[in-house]
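The values are calculated or read from the model by the stated rules, or taken from the named source; none is laboratory data. What you see is a predicted model, and the numbers here were worked out from it, not measured in a lab. In this analysis, Cβ positions are derived from the backbone assuming ideal geometry, glycine residues included, and neighbour counts consider all displayed protein chains.
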Amino acid sequence: MTTSELQFDAPADPVVDGPVLQVEDLHVSFPSESGRVRAVRGLSYHVSPGEVLGIVGESGSGKSVSSLAVMGLLPSSARITGSIKFQGRELIGQNDAELSKIRGRRVSMVFQDPLSALTPVFTVGDQIAEAILVHRKVSKQAAAKRAVELLDLVGIPNAVERAKAFPHEFSGGMRQRAVIAMAIANDPDLIIADEPTTALDVTVQAQVLQLLETAQEVTGAGIVIITHDLGVVAGFADRLMVMYAGRAVEKGKVDEIYQQPRMPYTLGLLGSIPRLDVSEKQALVPIKGQPPSLTDLPDGCPFAPRCPMVVDACHTAEPPLMDVDGSAEHAAACIRTNEIAATDAEGAEAAVEIFGAEVAAEPEVAKIPREQRDIVLGLDNLVKEYPINKGVVFKRRVGTVHAVAGITFDIREGETLGLVGESGCGKTTTLMEILNLQKPMGGEISVLGTKSSEVDAKRRFAIRRDMSVVFQDPMASLDPRLTINDCIAEPMQVHGYTKDEINRRVPELMRLVGLRPEQLSRYPGEFSGGQRQRIGIARALALEPKLVVLDEPVSALDVSIQAGVINLLEELKSKLGLAYLFVAHDLSVVRHIADRVAVMYLGKIIEIGEVDSVFEAPRHPYTQALLSAIPIPDPVKERQRERILLTGDLPSPANPPSGCRFRTRCFLHASLPPEKQRQCIEVEPPRETQAPDHEAACHFAQIRQVL
Amino acid sequence: MATFLAFTLASATFDPIGVLQQRNPPPPAASIEAKKRDLHLDQPIPQRFVTWMGGVVQGDFGRTITDRPITDELGRRIGVSLRLFLLGITIGILFGVLLGVVSAIRQYKFSDYFATLFSFILLSTPVFVLGTLLKMGAQGINDSIGTNVLIFVGETTPGFQGNWFEHLGDRLQHLIVPTLAIALGQIAYYSRYQRSSMLDVLGSDFLRTAQAKGLTRRKALFKHGLRTALIPMATLFAFGFGLLVVGGTFTERIFGWFGMGDWLVTGISAQDTNITATVTLFVAVCVLFSGWLADVLYAALDPRIRVN
Amino acid sequence: MTVILNEGDAAGTTGAASGGPVDAAPEPGKAMTRGRLVFIRFMRNKLALVGLVVILGMYLMAFVGPLLSKWSYDTQDYSAFLEPPYSEHIFGTDKIGTDMFALTMRGLQKSLIIGLLVALISTTVAAIVGAAAGYFLGVADKTLMWVVDLLLVLPSFLIIAILSPWFRGKSWFLLVLMLAAFQWMITARIVRGMTLTLKEREFVKAAKFMGQPARKIIAKHIVPNMASLLIIDATINVGSAVLAETGLSYFGFGVQSPDVSLGTLIGGNAESATTFPWLFLFPAGFLVVFVLAVNWVGDGLRDALDPTSTRVRRKEKKDTKEKAA
């Protein structure tokens, strides 16, 4: 393929000296129902050519709004003041036509949700070519050719063909690649990536992060990467800025921030993340309360109400960003930075010390050896298939989705099994099969020894007392039209508790999950996400179940809230001797909370076992890739880590590969000689014991440490 | 199926003989009996339907009560209806979409309020009121000018003499007011839907992406926004056409156009099963055709459908 | 397993141990219940408010108005034929000397009652059938969808018109039933669609997995969560029922004499509209204003009940402009 005349300039060719982007005292506010939302309040930062700046903050911290302000893409109702200088040129006050000459040419942007970021009615190639045609006087053919080259560059196989495809024919990861191709099409000087990996699975996230690094290398652009995940930026960013309530509360070099955080909020954030690389039970730091409302901020430090180190002086004035530790680069907005510096511990350990987090005790029942405990939930070769139908009037069956292709595991009393896998692996289907308690299409589900295929409606109803569920989305899992009292009481009403019993038990449950019973007459809409998740847990515990099925219970919550809910779950388990089936995609959380873990890929369990054994010594290549893809919030470790990048996307479960289902993406398979490869293609690997309580389904299983 | 239902209902409820018997002076019993035979009223309803459908397949829609062949009149009446509707619909869609887009882009500005008010009033005005009001308005204009510029009765002036150009002018004079009566309602209807569909698109991520790559807001709106916002409209356009035949009944009656809608009213008033069934068949065919048209339009606009 | 939860134990330890996970609740004073928020939003919408006042005013007028007038719709003033409005007959008289005000009020009464009844009946039926069909799917659902599709091909106007000879001379309530019988289906289809969505919501699943029977899930979780849709729809249905009734009556297929409705009045007088405009304009005016008011209220409700409503922006902007000026 001959390359087109449109090329990237040589990297590192600063057009203007000085920073690419200089933001000074930026304020952005929006009108809202309850008054003005002051989304950004006096933000200043700069990005030098070729530098990667990470902006970290929770939802509502103003991180996205500030970058949209740079692009000039905020709705007209926003009021923006301050200064945004791009290569020395002031952007605030410029009209749409002037800004559009810079947008896409000098500054480009990668958005969070790749599924909706592309216009559904135009082909991917056309949309990339359009980005070139808007700014350069080249022929349509040249632009189209360049679009194909760019798609090739971002790692889309068959770029010539795929350029003619529409966005809906691309997977999420591929769409994000296409958006990145669009962003680098005109060799920009600044790329703003707004949560570019949040909507993606971990293995895809690793691919996209890698791609962003490549993009930075070829364009030499400065990059602003916005994220809520301290892990994502640890290995990638040069400098970091932590935002809270519309302001920067700490900024500095990445290593400084991770090792010597000087603002309690940063400390809390670091301490609240479960670590993939920590084997002994780690104490998670919950930050109490929730971010303040941006419509009516208190005087003084906005973090003061949640801060463990708060003193009276914190409430008098909002502290400015001040240099700390005598470093000109590291600044924090806290009046007690010196005291934080005085603690001996570093990073997350300092957080544990300052916030006073504790590890929950082991439940009593865990002291009995596993084999002697009762099996609470047993799955034996469970199968679930969906027909694919075509035609409107006469439905013809044209295929079968093998969503769950024979999985086996059991959960014993007082134990937590983490069921992990990427989207489309069948973990949700498994969960629904368990909860439906119907006779499975194949295999067997048994709850406390009762087989679901043999129960009648009455017995099934009785089983439901022993098994309850907590869902992912705290917004959707409570009926908005019922009071909290009614929500929690519902299961007891269904199962025939008397009014007195219910009235006595509901306040108990509220206290059990750390909420005040006085709030019982309120509606779910008045509670924050973390509180609602607690209410959901209270409802799940109402009938004193033996098993609680947790469907991604913390993935919809901000990190600082997440830690509190995880702690609560651990504590309840130890207190009530519950067994959990914990379905999640976040392996760090699973490592923290689970006793055993099962990894799913395309409807099969490919590795299962005791959690430390699986994480420390993974045998299956997929587990290894999965673990290596998860970023660790430690810049030093992160830079040294070897990362296994998987190629391609998940195959369709309607047409899974023969033999080993993972072989199409397996790096190990690719490295094998042909005669061994044949075994992968022809024989489905059985699950074999690799170590005590550790099984893996791979013909050539070998330990590879990836943490 | 629909036609069978309509035929059955009509046959079951209509009582043409009763109408005949109430004539003054009452016709002799023998002629009533003869009429009954003519209309196959002695047969059970399904058999009557089969007989009628058999005729339809061969292009014979039966005879009216007054014993005139329906087939002869059918073609002329369809022509009249289509002339009236096609123009009205085209104008309605064009201006409706335009108004909707302008309204969405300038949301909560004066032009949006004006457009909203305009469509609300029009949507609340049934076409028989609107038609009559337009008639009154046209009368007023004619009075103030002094000549009959806008003619609102019938399709052409009976016995009009002149060359083809003058004929065209005459037809135009007759066409303006009824077309307006149809178009105004359509504009109001489509503009509301286009507005909300456009507003949905306005907040979408892909529009932001389009701007992020350097398109001005206006360009992004028209190239990426409008094109996508038209997709849900495809169904509306098509089905609007099908249902307009019923709505057209009023317009035809008010302005004295002898089209299909007018025929329906005549048929029911005269309790004539064959006419009613024929018009129903026509409506059904229109709706089915619209459904097909909607599918085609949808596929043309939306690549996501095209693949399936 | 026994969970011992005596008061003293649960109160302090659970929350405090893990660093006080009690999330700060929104301050009680600031918490706005949904109902209040909807009310405030609705009240802020001037057009909707006007609409509401107009609707209430019209119902009042239709029932109280005739009592205040000295003329009745079934008596004639033989001294005044086809008189334009004047002090004695404020809406004028028709060609047999009936007072147009009395006649219009009588027609308004009938049309409004029909509208209200039809909307109530059809929305109730739609909610029940739509939710059941969407929740259980299966045969009931297929039948519903088939009937709705059929109705798209065969408009209800046509069917009622065809059936009109049958209920000629019978009670107008039959017409109400007919209109309701054909109006519920479109709403039912929307309700069905929403039920399908709600069914996938986690709170419905949670209820299902705790063993709540389907009938109760529909009554307790599904229908209440569609309340906003149903309220809006019932409102809009009043308008469309009135339009359908008047349209049919216009051709003589709807309300039959001796009953009068706005439709029969408009239909009977449309021909003479250009010469005796008051015969047409008064009933037509009432009809248009009523339907307009209904639409405004419906729109206002939709805005108020829609959590993503952005109307506030405009308000704010105006304020700031005023301040700047």
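So, in the stretch A:654-707, of the ones that are touching a Ser or Thr at 6+ places or on another chain (Cβ under 9 Å) and small (Gly, Ala, Ser), which residue ends up nearest to A:Arg397 (Cα to Cα)?
Applying the filter and picking the extreme gives A:Ala654.
Any residue at all in the stretch A:65-77 that is closer than 25 Å to A:Tyr45 by Cβ, in contact with a Pro (Cβ under 9 Å, 6 or more places away or on another chain) and surrounded by fewer than 19 Cβ atoms within 10 Å (Cβ to Cβ)?
Taking every residue of the stretch A:65-77 in turn, at least one turns out to be closer than 25 Å to A:Tyr45 by Cβ, in contact with a Pro (Cβ under 9 Å, 6 or more places away or on another chain) and surrounded by fewer than 19 Cβ atoms within 10 Å (Cβ to Cβ).
Looking at A:Ala357, is it more than 30 Å from A:Glu444 (Cα to Cα) and not in a helix (DSSP H, G or I)? Show your work before the answer.
Details: more than 30 Å from A:Glu444 (Cα to Cα): yes; not in a helix (DSSP H, G or I): yes.
Yes, satisfied.
Residues being among the charged types (D, E, K, R) and away from chain C (no Cβ under 14 Å): count how many of those fall in the stretch A:52-78. Lay out the reasoning, then the answer.
As a first pass, look at the stretch A:52-78 and keep what is among the charged types (D, E, K, R): A:58, A:63.
Restricting the remaining residues to those that are away from chain C (no Cβ under 14 Å) gives A:63.
Selection size over the stretch A:52-78: 1.
Of all residues in the stretch C:107-163 being surrounded by fewer than 21 Cβ atoms within 10 Å (Cβ to Cβ) and among the polar types (S, T, N, Q), which is modelled with the highest pLDDT?
C:Thr124
Among the residues of the stretch C:235-277, write down those that are surrounded by fewer than 21 Cβ atoms within 10 Å (Cβ to Cβ), more than 12 Å from every other protein chain (Cβ to nearest Cβ) and farther than 18 Å from C:Ile162 by Cβ.
Answer for the stretch C:235-277, where residues must be surrounded by fewer than 21 Cβ atoms within 10 Å (Cβ to Cβ), more than 12 Å from every other protein chain (Cβ to nearest Cβ) and farther than 18 Å from C:Ile162 by Cβ: C:Ser257, C:Pro258, C:Asp259.
So, restricting to helices (runs of 4 or more DSSP H) that lie completely within the stretch A:591-707, which ones have at least 1 residues that are over 25 Å from the mean Cα position of the chain (by Cα)?
Passing ranges, in order: A:667-671, A:674-682.
Look through C:Ala126, C:Ala133, C:Ala140, C:Ala119 and report the one residue that is without any contact (Cβ under 8 Å) to a residue 40 or more places away in the chain, in a helix (DSSP H, G or I) and under 17 Å from C:Ile190 (Cα atoms). So that I can check it myself, show each step before the final result.
Working: C:Ala126 fails: without any contact (Cβ under 8 Å) to a residue 40 or more places away in the chain; C:Ala133 fails: without any contact (Cβ under 8 Å) to a residue 40 or more places away in the chain; C:Ala119 fails: without any contact (Cβ under 8 Å) to a residue 40 or more places away in the chain.
Residue meeting the stated conditions: C:Ala140.
Hey, any hits in the stretch B:157-173 for a residue that's farther than 22 Å from B:Phe85 by Cα, out of contact with any strand residue (DSSP E or B) (no Cβ under 9 Å at 6 or more places or on another chain), surrounded by 18 or more Cβ atoms within 10 Å (Cβ to Cβ) and not basic (Lys, Arg)?
Looking through the stretch B:157-173, none of the residues is farther than 22 Å from B:Phe85 by Cα, out of contact with any strand residue (DSSP E or B) (no Cβ under 9 Å at 6 or more places or on another chain), surrounded by 18 or more Cβ atoms within 10 Å (Cβ to Cβ) and not basic (Lys, Arg).
Taking A:Lys367, is it of a type in the set (Lys, Arg) and either under 24 Å from A:Ile434 (Cα atoms) or surrounded by 14 or more Cβ atoms within 10 Å (Cβ to Cβ) (or both)? Steps first, answer last, please.
Values: of a type in the set (Lys, Arg): yes; either under 24 Å from A:Ile434 (Cα atoms) or surrounded by 14 or more Cβ atoms within 10 Å (Cβ to Cβ) (or both): no.
No, not satisfied.
Quick one: would you say A:Gly496 is part of a loop (DSSP other than H, G, I, E, B), more than 19 Å from A:Leu431 (Cα to Cα) and more than 8 Å from chain C (Cβ to nearest Cβ)?
Details: part of a loop (DSSP other than H, G, I, E, B): yes; more than 19 Å from A:Leu431 (Cα to Cα): yes; more than 8 Å from chain C (Cβ to nearest Cβ): yes.
Criteria met by A:Gly496.
Based on what the data block shows, is A:Ile561 surrounded by 24 or more Cβ atoms within 10 Å (Cβ to Cβ), within 14 Å of chain C (Cβ to nearest Cβ) and among the hydrophobic types (A, V, I, L, M, F, W, C)? Spell out the reasoning first.
Working: surrounded by 24 or more Cβ atoms within 10 Å (Cβ to Cβ): yes; within 14 Å of chain C (Cβ to nearest Cβ): yes; among the hydrophobic types (A, V, I, L, M, F, W, C): yes.
Yes: the conditions hold for A:Ile561.
More than 9 Å from every other protein chain (Cβ to nearest Cβ), touching a helix residue (DSSP H, G or I) at 6+ places or on another chain (Cβ under 8 Å) and buried (at least 16 other Cβ atoms within 10 Å of the Cβ): is that true of A:Ile434 in this structure? Break it down into steps so the answer makes sense when it comes.
Values: more than 9 Å from every other protein chain (Cβ to nearest Cβ): yes; touching a helix residue (DSSP H, G or I) at 6+ places or on another chain (Cβ under 8 Å): no; buried (at least 16 other Cβ atoms within 10 Å of the Cβ): yes.
When the stated conditions are applied, A:Ile434 does not pass them.
Tally time: how many residues in the stretch C:198-223 are within 14 Å of A:Asp486 (Cα to Cα) and in contact (Cβ under 8 Å) with a residue 24 or more places away in the chain?
1
Looking at B:Arg304, is it in contact with a helix residue (DSSP H, G or I) (Cβ under 7 Å, 6 or more places away or on another chain), assigned to a helix (DSSP H, G or I) and within 14 Å of chain A (Cβ to nearest Cβ)? I'd like the intermediate steps shown before the answer.
On the way: in contact with a helix residue (DSSP H, G or I) (Cβ under 7 Å, 6 or more places away or on another chain): yes; assigned to a helix (DSSP H, G or I): yes; within 14 Å of chain A (Cβ to nearest Cβ): yes.
Considered against the rule, which asks whether it is in contact with a helix residue (DSSP H, G or I) (Cβ under 7 Å, 6 or more places away or on another chain), assigned to a helix (DSSP H, G or I) and within 14 Å of chain A (Cβ to nearest Cβ), B:Arg304 comes out as yes.
Give the residue, chosen from B:Ala183, B:Ala138, that is within 30 Å of B:Lys109 (Cβ to Cβ) and either of a type outside the set (S, T, N, Q) or away from chain A (no Cβ under 14 Å) (or both).
Numbers: B:Ala138 fails: within 30 Å of B:Lys109 (Cβ to Cβ).
Of B:Ala183, B:Ala138, the one residue that is within 30 Å of B:Lys109 (Cβ to Cβ) and either of a type outside the set (S, T, N, Q) or away from chain A (no Cβ under 14 Å) (or both) is B:Ala183.
Do you know which residues across the stretch A:499-514 are in contact (Cβ under 8 Å) with a residue 40 or more places away in the chain and facing another protein chain (nearest Cβ under 7 Å)?
Step one: list which residues in the stretch A:499-514 are in contact (Cβ under 8 Å) with a residue 40 or more places away in the chain, which gives A:512-514.
Those that are in contact (Cβ under 8 Å) with a residue 40 or more places away in the chain and facing another protein chain (nearest Cβ under 7 Å): A:Leu512, A:Gly514.
Among A:Gly418, A:Gly424, which is the only one that is part of a loop (DSSP other than H, G, I, E, B) and more than 24 Å from A:Ile502 (Cβ to Cβ)? Reasoning before the result, please.
Details: A:Gly418 fails: part of a loop (DSSP other than H, G, I, E, B).
Within the list A:Gly418, A:Gly424, the selection yields A:Gly424.
Of the residues B:Gly100, B:Gly140, B:Gly146, only one is surrounded by 18 or more Cβ atoms within 10 Å (Cβ to Cβ) and assigned by TED's automatic domain parsing to the domain that holds B:Tyr189; which? Reasoning before the result, please.
Numbers: B:Gly140 fails: surrounded by 18 or more Cβ atoms within 10 Å (Cβ to Cβ); B:Gly146 fails: surrounded by 18 or more Cβ atoms within 10 Å (Cβ to Cβ).
Exactly one residue qualifies, and that residue is B:Gly100.
Any chance you could count how many residues in the stretch A:463-493 are in a helix (DSSP H, G or I) and either more than 13 Å from A:Leu435 (Cα to Cα) or of a type in the set (S, T, N, Q) (or both)?
Looking only at the stretch A:463-493, we keep the residues that are in a helix (DSSP H, G or I), and these are A:463, A:484-493.
Add one more test, that the residue is either more than 13 Å from A:Leu435 (Cα to Cα) or of a type in the set (S, T, N, Q) (or both), and what stays is A:484-493.
So the answer is 10.
Any residue in the stretch A:117-143 that's facing chain B (nearest Cβ under 7 Å): show its pairings with residues that are among the β-branched types (Val, Ile, Thr) and in a helix (DSSP H, G or I) at Cβ separation under 6 Å, as long as the two are six or more apart or on different chains.
Note: pairs meeting the criteria are A:Ala117/A:Val179; A:Ala117/B:Thr209; A:Val121/B:Thr228.
Please name all residue pairs, on different chains or six or more residues apart, with Cβ atoms under 7 Å, provided the first residue is in the stretch A:337-364 and is more than 21 Å from A:Val311 (Cβ to Cβ) and the second residue is assigned to a helix (DSSP H, G or I) and of a type in the set (Lys, Arg).
Pairs that qualify, where the first residue is more than 21 Å from A:Val311 (Cβ to Cβ) and the partner is assigned to a helix (DSSP H, G or I) and of a type in the set (Lys, Arg), are A:Pro363/A:Lys573.
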